[in-house]
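Laboratory data are not the source of any read-out in this text; all were calculated from the coordinates shown. What you see is a predicted model; the values in this text were computed from it and never measured. Quick reminder, even Gly has a Cβ in these numbers, built from the backbone with ideal geometry, and neighbours come from all protein chains shown.
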Amino acid sequence: LICPYILGSLWKKKVFNIDFWIGAILLMSIFHIVSGTGTFGRVFLVKDKKTRGFFALKAMKIPDVIRLKQEQHVHNEKEVLTEVNHPFLVRLFWTHHDDRFLYMLMEYVNGGELFSYLRSRGRFSNSTGMFYSAEIVCAIEYLHSKEIVYRDLKPENILLDNEGHIRLTDFGFAKKLSERTWTLCGTPEYLAPEVIQSKGHGRAVDWWALGILIFEMLAGYPPFFDDNPFGIYQKILAGKLEFPRHLDFYVKDLIKKFLVIDRARRLGNMKNGADDVKKHRWFKSVDWDSVPCRKLKPPIVPKVSHEGDTSNFDTYPEDEWKKDTPVPAKDLEIFKDF
């Protein structure tokens, strides 16, 4: 077993039970620790001994999931990922739990986070931002067609594959919706006004977040920021936008139409849904039939030497793992179907 580093932050979770894998379920072997530290889980790169294929193993510490009241989010994530199948969404292959941890085996996307490329470049060009936005529009359109709201769109949750196409990851806040939901969740800079105001929210929050993301990709910073979350929320509710001078006229118009306080008038959430977004003048040059077929040429092609390459993720020193006591049977009942 080789465990030299904790890398990056594919998913912001914590802790892993290595004894479980010594038992060789699925004949997987721990090859490298892939990603990151966070609230209650970690994601590891694992290698199948038989096929030699690489996968990302998300491991979540059951006591912390319960303590932080994340049980429903964990179940939502499994439900959503089990249902979806799209070229721009990360795939889930298998789930399991023992008496300490929950496990989710997913595809390993080795190009790194869009966040890292954005930070290294400062900001993206108009054409680069348009490429990523087009693929994200198709991903959101697909999720919404399944009555699923994503609720966590941000550069850290967008991975690039070895060709440079996107994969949305971390579906911990995703949820199958019939009408509205009231859970306050997400990243402060990306929260829609209706989430902050606890008015109940739906799929419109994803189009608001796309407006924030496009602004951040092209400006290098989000439109609403402050030293503390409450300051951010005040600016979001005030809705005052100040664009950098270099932004294209049409993209500024698109962002304004996404960042509309009234969700009934928000682009993407009106009668024609995603078609209204696709017909916007900023996307005039995009062949929408080619986008989900991955035929658009990616502006950034990650440097990847092999399938299990981890060089596109940041490294962190590995801390010590403590062997936790088994979870009581009554607590495990919560995850009996996981």
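Step through the residues of the range 87-102 one at a time and calculate ³J(HN,Hα) from phi using the Karplus curve (6.51 cos²θ - 1.76 cosθ + 1.60, θ = phi - 60°), rounding each to whole Hz and writing x for Gly and Pro.
x, 10, 10, 5, 9, 9, 9, 6, 10, 6, 9, 10, 8, 9, 9, 9
How many nm is it between the label spots at E333 and E147, if each spot is 7 Å from the Cα in line with the beta carbon?
If labels sit at E333 and E147, their model points lie 2.9 nm apart.
Just to check, using Stokes-Einstein with a Kirkwood Rh over alpha carbon pairs, what's the diffusion coefficient of the range 114-283 at 25 °C and 0.890 mPa s in µm²/s? Write out the running numbers ahead of the final one.
Numbers: Rh = 16.0 Å.
D, rounded to a whole number, is 153 µm²/s.
Provide the FRET efficiency to the nearest 0.05 for the L68-Y221 pair, computing r from the beta carbons and using R0 = 30 Å.
Working: r = 30 Å, r/R0 = 0.99.
Step by step, r from the Cβ atoms, then E = 0.50.
List the chymotrypsin sites (Phe, Trp or Tyr not before Pro) within the range 65-118 that DSSP assigns to loop and that have no more than 16 neighbouring Cβ atoms inside 10 Å. Walk me through the intermediate numbers first.
Details: sites: F88, F93, W94, F101, Y103, Y108, F115, Y117; in loops: F88, Y108.
Here no loop site has a sparse enough neighbourhood.
Out of residues 5 or more away from L89 or on other chains, whose amide H comes under 5 Å of its own, with H placed 1.01 Å from N in the peptide plane?
Correct list: L168.
What number comes out for the charge environment of E71, summing +1 per Lys or Arg and -1 per Asp or Glu over other residues with Cβ under 14 Å away? The partial results should precede the final answer.
Working: positive: K61, R67, K69, K78, K175, K330, K336; negative: D64, E77, E79, D331, E333, D337.
Summing Lys/Arg as +1 and Asp/Glu as -1 gives +1.
Please sort by residue number the GluC sites (Glu not before Pro) in the range 92-183 whose DSSP state is loop and whose Cβ has at most 10 other Cβ atoms within 10 Å. Write out the running numbers ahead of the final one.
Values: sites: E107, E113, E135, E141, E147, E156, E163, E179; in loops: E147, E163, E179.
Here the sparse-neighbourhood loop sites are E179.
Which trypsin sites (Lys or Arg not before Pro) from the range 199-277 combine a DSSP loop assignment with at most 10 other Cβ atoms within 10 Å?
In loop regions of the range 199-277 (DSSP not H, G, I, E or B), the sparsely surrounded trypsin sites (Lys or Arg not before Pro) are K240, R245, K271.
What is the spin-label model distance, in nm, from E83 to T51 if the labels are put 7 Å beyond Cα along the C-beta direction?
About 2.5 nm, to one decimal.
Can you report the principal axis dimensions of the range 78-139 using only the alpha carbons, biggest first, rounded to whole angstrom?
48, 24, 15
From the phi angles alone, apply the Karplus equation (6.51, -1.76, 1.60; θ = phi - 60°) to the range 121-135 and give each ³J(HN,Hα) in whole Hz, x where the residue is Gly or Pro.
Result, ordered by residue: 9, x, 7, 9, 6, 4, 5, 5, x, 5, 4, 5, 4, 5, 5 Hz.
Obtain the nm distance between the two label points defined at S178 and S127 by a simple spin-label model: each point lies 7 Å from its Cα along the Cα-to-C-beta direction.
Between S178 and S127, the simple spin-label model gives 4.9 nm.
For F44, which sequence-distant residues (separation of 5 or more, or a different chain) have an amide H within less than 5 Å of its own amide H, given hydrogens modelled in the peptide plane?
V34, S35, L57, K58, A59
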